[in-house]
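Here the structure is laid out as structure tokens; the discussion comes afterwards.
The values are calculated or read from the model by the stated rules, or taken from the named source; none is laboratory data. Just so you know, these numbers come straight off a predicted model, no measurement behind them. Quick reminder, even Gly has a Cβ in these numbers, built from the backbone with ideal geometry, and neighbours come from all protein chains shown.
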Amino acid sequence: MTQYHEPIDKLDEKTKDITRALMSLKEEIEAVDWYNQRVAASDDETLKEVLAHNRDEEIEHAVMTLEWLRRNMDVWDENLKKYLFTTENLLEVEESVTEDKEDKDLGLGDLK
């Protein structure tokens, strides 16, 4: 089975690298989930510590891949800056950004 949905000969190397990164990110996130469940299910404290350590390593790998995507695939940087490390309700952040964009698109400026 292939991870490509389009003929491979129509894909450039950057697109292939992005696909590799996205596949790796999915795999790392899945590994985080597996380890997290194992931590929660285990009654052995030493094993819990080892599994938690492994889970945290997978989180590190996922974040490194996410950073690569931010640097190499359009729109990641914009959206990460918009949503990460905010304290507002995420849907409200989205609504305010959408409203601001619509206002600018109509040339109305800030109507608030």
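Beta carbons closer than 7 Å, at least 6 apart along the sequence or on distinct chains, pair a first residue in region 29-55 that is closer than 21 Å to residue 66 by Cβ with a second that is surrounded by 15 or more Cβ atoms within 10 Å (Cβ to Cβ) and hydroxyl-bearing (Ser, Thr, Tyr) for 54/35; 55/35. Across region 5-28, the qualifying residues are those that are touching a residue at least 12 places away in the same chain (Cβ under 8 Å) and within 14 Å of the chain's Cα centre (by Cα), and the one among them that is farthest from residue 72 (Cα to Cα) is 28. The helices (runs of 4 or more DSSP H) found entirely in the chain that carry 3 or more residues being surrounded by fewer than 13 Cβ atoms within 10 Å (Cβ to Cβ) and at pLDDT 95 or above are 13-41, 45-72.
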